[in-house]
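K.L.:
This is the structure I have questions about; it appears just below.
The values are calculated or read from the model by the stated rules, or taken from the named source; none is laboratory data. No experiment lies behind these values; they were computed from the predicted model shown. Heads up, the Cβs are rebuilt from the backbone with ideal geometry, glycines too, and the neighbour counts pull from every protein chain shown. Just so you know, the surface numbers come from the protein's heavy atoms only, side chains and all, with ligands and any DNA or RNA stripped out. Shrake-Rupley method; radii C 1.70, N 1.55, O 1.52, S 1.80 Å.
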Amino acid sequence: SGYVTLDRGFKNTGSTKSAITYLDGENGILHYRGYPIEQLAEKSNFLEVAYLLIYGELPTQPQLDSFAREISIHTLVNEDMRKIFDGFPYNGHPMGILSALVCSLTAFYPESQDPNKYEETLDATIIRLLAKMPTIAAWAYKNSQGHPLNYPKNNLDYCSNFLYMMFALPVEEYQIDPVIVDALNKLLILHADHEQNCSTSTVRLVGSSRASLYSSVSAGINALWGPLHGGANQEVIEMLEAIKKDGGDTTKFINKAKDKNDNFRLMGFGHRVYKNFDPRAKIIKKAADQVLQQLGINDPVLEIAKKLEEAALSDQYFVERRLYPNVDFYSGIIYRALGIPTNMFTVMFALGRLPGWIAQWKEMRDQKEPIGRPRQIYTGYTERNYVGINERK
Ligand code: CMC
């Protein structure tokens, strides 16, 4: 009852107060807990940033060591989960598999579902999620390849362990390349939180009903999957490949994106909040150049991306609407250089966003937020009488 204001897409509605991430879209500023993203991407590593987001402060060395050790001893998933993997078709999208398996953790850790045990189980749930998601993600990939699964190696750091589980084969020695580990840390840090975006709002909304962290994160994975959100990173590479196949004519694709009768959008372009530039895209563009050079890779798609960016930024349509490359525009080019297949790009985004989802969910519960329940403006029929089936036309 009462007066309802409508704000489709929540373009101008705040859902919460939050002390985690500061974002200034006009000036392209992004801070996690007060620390500029540029500094974190340059100097920190993913686990340290995860700790910062979740617990509010950068860890001391003993705190970081203990956090990393706790995570490393929980990297195994229950053996029964392998049977679930066996049930998926080899070509099932890894995002669907990831969300299903993260949700299935509720069955293995039922105490996490009890809202009254929230405080005593939360730390273990946080550690388990951070520890097991990379294992599940790598296994989803191995399943798609028909290759044997690799069990985690707990003497490796977080990113190296993930790379090992993804790429090691029983038939050859697997060398971990520090360039790849650095690049992966940087990418995961840049994706780690982004205040009240679609998937994070989903995680908070699901959790606001007092559903468990596992089920909330599983819902967040599904929200992230869509092409307007995290799914864009996969679509960017597919778009760049299509441009390449078509002979490299970027104008044609720019015109397609401008055509209002065509559903096509320039993937990796535009952002709800950033209107001058996306600070993450700036860092990632530079990193793409560096990583490809360090690895000695010449990917023609990088040139196409740069050409496309230049063409869009000098086109009135994109200028007027203040559409700039976002985090997804160049990230796929780096993932590809690291050997990560296209259909795993959004999974990588999910691994990066996990600490943000956890931190936001925890803050929501700590702040005792009420259940999220938007209102509507009804536009349907006014009251009418039931019509028997034989009298219906
Ligand atoms: N290509 C062509 N036109 C676009 C694009 C694009 N990528 N993005 C926005 N527009 C146009 C849109 O058609 C609209 O035009 P008009 O005013 O004539 O109707 C105007 O720009 C405003 O767009 P909007 O859809 O109202 O803006 P939004 O804030 O609702 O959407 C967005 C933001 C990111 C969903 C959108 O820019 C988009 O679809 N981009 C492509 C997908 C993408 O790269 N997503 C990743 C986002 S960043 C990381 C993440 O969240 O995963």
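K.L.:
Confirm whether L190 is assigned to a helix (DSSP H, G or I), buried (at least 16 other Cβ atoms within 10 Å of the Cβ) and within 16 Å of the ligand (Cβ to nearest atom). Steps first, answer last, please.
P.N.:
Working: assigned to a helix (DSSP H, G or I): yes; buried (at least 16 other Cβ atoms within 10 Å of the Cβ): yes; within 16 Å of the ligand (Cβ to nearest atom): yes.
Considered against the rule, which asks whether it is assigned to a helix (DSSP H, G or I), buried (at least 16 other Cβ atoms within 10 Å of the Cβ) and within 16 Å of the ligand (Cβ to nearest atom), L190 comes out as yes.
K.L.:
Please determine whether any residue of the stretch 258-265 is over 18 Å from the mean Cα position of the chain (by Cα), touching a residue at least 40 places away in the same chain (Cβ under 8 Å) and near the ligand (Cβ under 8 Å from one of its atoms). First the steps, then the outcome.
P.N.:
Initial filter on the stretch 258-265 (over 18 Å from the mean Cα position of the chain (by Cα)): 258-265.
Remaining after also requiring touching a residue at least 40 places away in the same chain (Cβ under 8 Å): 258.
Filter once more, keeping what is near the ligand (Cβ under 8 Å from one of its atoms): 258.
Looking through the stretch 258-265, at least one residue is over 18 Å from the mean Cα position of the chain (by Cα), touching a residue at least 40 places away in the same chain (Cβ under 8 Å) and near the ligand (Cβ under 8 Å from one of its atoms).
K.L.:
Restricting the stretch 311-338 to residues that are open to solvent by less than 30 Å² (accessible area, probe 1.4 Å) and among the small types (G, A, S), which is farthest from the ligand (Cβ to nearest atom)?
P.N.:
The residue in question is A337.
K.L.:
So T202 clears everything in (1) in contact (Cβ under 8 Å) with a residue 60 or more places away in the chain; (2) more than 10 Å from the ligand (Cβ to nearest atom) except one condition, right? Which one?
P.N.:
If we test T202 against (1) in contact (Cβ under 8 Å) with a residue 60 or more places away in the chain; (2) more than 10 Å from the ligand (Cβ to nearest atom), just (1) comes out false.
K.L.:
Anything in the stretch 112-158 that is hydrophobic (A, V, I, L, M, F, W, C), farther than 18 Å from T346 by Cβ and in a helix (DSSP H, G or I)? List them, or say none. Talk me through it step by step, then tell me what you get.
P.N.:
First pass over the stretch 112-158, keeping only residues hydrophobic (A, V, I, L, M, F, W, C): 122, 124, 126-127, 129-131, 133, 136-140, 149, 156.
When the remaining residues are screened for being farther than 18 Å from T346 by Cβ, the result is 122, 124, 126-127, 130-131, 149, 156.
Selection gives L122, A124, I126, I127, L130, A131.
K.L.:
Shifting gears a bit: Just the residues that are out of contact with any Leu (no Cβ under 7 Å at 6 or more places or on another chain) and within 12 Å of the ligand (Cβ to nearest atom), please, taken from the stretch 266-278.
P.N.:
At the first step, the residues of the stretch 266-278 found to be out of contact with any Leu (no Cβ under 7 Å at 6 or more places or on another chain) are 266-268, 271-272, 274-278.
Selection gives L266, M267, G268, H271, R272, Y274, K275, D278.
K.L.:
Scanning the stretch 238-257 for residues that are within 12 Å of the ligand (Cβ to nearest atom) and open to solvent by less than 50 Å² (accessible area, probe 1.4 Å), which turns out farthest from K306 (Cα to Cα)? Write out each step before concluding.
P.N.:
At the first step, the residues of the stretch 238-257 found to be within 12 Å of the ligand (Cβ to nearest atom) are 239, 253-257.
Now narrow it down to the ones that are open to solvent by less than 50 Å² (accessible area, probe 1.4 Å): 239, 253-254, 257.
Working: M239: 13, F253: 14, I254: 13, A257: 17 Å.
Once the filter is applied, the top-ranked residue is A257.
K.L.:
So if I check each of A281, A219, A287, A305, which one is within 24 Å of the chain's Cα centre (by Cα), closer than 18 Å to R336 by Cα, assigned to a helix (DSSP H, G or I) and away from the ligand (no atom under 14 Å from the Cβ)? Give the steps one after another, and end with the answer.
P.N.:
Numbers: A281 fails: away from the ligand (no atom under 14 Å from the Cβ); A219 fails: closer than 18 Å to R336 by Cα; A305 fails: away from the ligand (no atom under 14 Å from the Cβ).
Of the residues listed, the single one that is within 24 Å of the chain's Cα centre (by Cα), closer than 18 Å to R336 by Cα, assigned to a helix (DSSP H, G or I) and away from the ligand (no atom under 14 Å from the Cβ) is A287.
K.L.:
From the list I176, I180, which residue is open to solvent by 10 Å² or more (accessible area, probe 1.4 Å) and assigned to a helix (DSSP H, G or I)?
P.N.:
On the way: I176 fails: assigned to a helix (DSSP H, G or I).
Just a single option satisfies the conditions, and that option is I180.
K.L.:
So is L23 more than 28 Å from R128 (Cα to Cα), of a type outside the set (K, R) and assigned to a strand (DSSP E or B) or not?
P.N.:
Values: more than 28 Å from R128 (Cα to Cα): yes; of a type outside the set (K, R): yes; assigned to a strand (DSSP E or B): yes.
Yes; evaluated as a whole, the condition is true for this residue.
K.L.:
Which one of these is charged (D, E, K, R), more than 16 Å from the ligand (Cβ to nearest atom), within 23 Å of H271 (Cβ to Cβ) and in a helix (DSSP H, G or I): E70, E48, E38? Let's see the steps before the verdict.
P.N.:
Numbers: E70 fails: within 23 Å of H271 (Cβ to Cβ); E48 fails: within 23 Å of H271 (Cβ to Cβ).
Going through E70, E48, E38 in turn, the sole match is E38.
K.L.:
Looking at K260, is it in contact with a Lys or Arg (Cβ under 7 Å, 6 or more places away or on another chain), more than 15 Å from K307 (Cα to Cα) and not in a helix (DSSP H, G or I)? Steps first, please.
P.N.:
Details: in contact with a Lys or Arg (Cβ under 7 Å, 6 or more places away or on another chain): no; more than 15 Å from K307 (Cα to Cα): yes; not in a helix (DSSP H, G or I): yes.
The answer is no for K260.
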